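Input: a single structure, listed below in structure tokens.
The values are calculated or read from the model by the stated rules, or taken from the named source; none is laboratory data. All values reported here derive from a predicted model rather than from experimental measurement. Note that each Cβ is placed from the backbone with ideal geometry, even for glycine, and that neighbours are counted across all protein chains shown.
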Amino acid sequence: MLKKLITASLITLSFSAQAGAIRFGYNQQYSAPHVINNGKGTSVSGIVIDVSNAISQEAGFMAKQLPLPRKRIEQYLIDGKIDAQCHANPIWYNAPSIIWSEVLYSDADIIVSDQAIASLQALSSHKQFKLGTVLGYKYPNLTEYFEAGNLKRFNSTSSKDSFTRFTKGELDGFIASYSEANYLTRLRRFNVLEVNSYDLHCSFSPKLNAEKRQRLIDAAHKLRDNGEFKRVFAKYIKPV
């Protein structure tokens, strides 16, 4: 009888925890260090996963991680199909109804190359520089150089794939976030040119219960202020 009661209690607790889980969406194109899989298709760690889990735990919830096509995330937030997405920037989305945390941390897009490029303006002296890019991503600060023929896009599905093509000699360089490039290789071996920097936040569905949402936002700000996100980055980002 006691065994049945314990089993029933565990089932109830499990159901309650799952019912209270916060559904975090993330870009299914993400690879390490943003998202690291266990080899069986399940995301178990990485910057995006660790940040989301930490916020959810601090707020007293469980986190459920949902990989999604990048272009569907905004609509899923609006429709309430996901509750939140971290590692995002308001300029990436159009919907004014999405609720945002304050800035939690920052990153930058960089060009990694064997060639010395002193500045963005110096790109104008290049012709058909073969740049590894991510399919579907826009690079506003590079638009004029693509249009002028100084740069030529070579799309891959991820920065990791661009890096692989670069190491094979198929590309003159590749663009990636600093955190990705740092994880993939030792940057001091290459020329690194910053293209742009950007702040990162968590976004929340307007359909998420207001009290839950505020608990999550407060938790995110607390973890930022106590240095937790810096500790997360330190797990994956090597000193240059």
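Which residues, taken from region 158-175, are in contact with a strand residue (DSSP E or B) (Cβ under 7 Å, 6 or more places away or on another chain) and of a type outside the set (F, W, Y)?
Matches in region 158-175: S158, S159, S162, R165, L171, D172, G173, I175.
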message: Go through region 26-56 and report how many residues are more than 12 Å from the chain's Cα centre (by Cα) and in contact (Cβ under 8 Å) with a residue 24 or more places away in the chain.
response: 4
- request: Would you check which residues across region 107-134 are in contact (Cβ under 8 Å) with a residue 60 or more places away in the chain and within 20 Å of the chain's Cα centre (by Cα) and list them?
  value: D107, A108, D109, I110, I111, V112, V134
query: Restricting attention to region 202-212, does a residue exist that is in the same structural domain as N27 (by TED's automatic domain parsing), surrounded by 14 or more Cβ atoms within 10 Å (Cβ to Cβ) and under 30 Å from G132 (Cα atoms)?
result: yes
message: So for region 177-199 (the condition being within 23 Å of I73 (Cα to Cα), among the aliphatic types (A, V, I, L, M) and touching a residue at least 40 places away in the same chain (Cβ under 8 Å)), does at least one residue qualify?
response: no
message: Here is a check on your reading of the model: is T133 at pLDDT 95 or above, hydroxyl-bearing (S, T, Y) and crowded, with 17+ Cβ neighbours inside 10 Å?
response: yes
- request: Taking the residues in region 111-135 that are among the charged types (D, E, K, R) and assigned to a loop (DSSP other than H, G, I, E, B) as candidates, determine which candidate is nearest to R186 (Cα to Cα).
  value: D114
- prompt: Where in region 1-110 are the helices (runs of 4 or more DSSP H), entirely inside, with at least 2 residues that are at pLDDT 95 or above and buried (at least 18 other Cβ atoms within 10 Å of the Cβ)?
  reply: 47-59, 73-79
task: Give the residues of region 136-156 that are in a loop (DSSP other than H, G, I, E, B) and surrounded by 13 or more Cβ atoms within 10 Å (Cβ to Cβ), sorted by residue number.
output: Y137, Y139, N150
- line: Those residues of region 159-197 which are assigned to a strand (DSSP E or B) and either charged (D, E, K, R) or touching a helix residue (DSSP H, G or I) at 6+ places or on another chain (Cβ under 8 Å) (or both) amount to G173, F174, I175, A176, S177, V192, E194, V195, N196
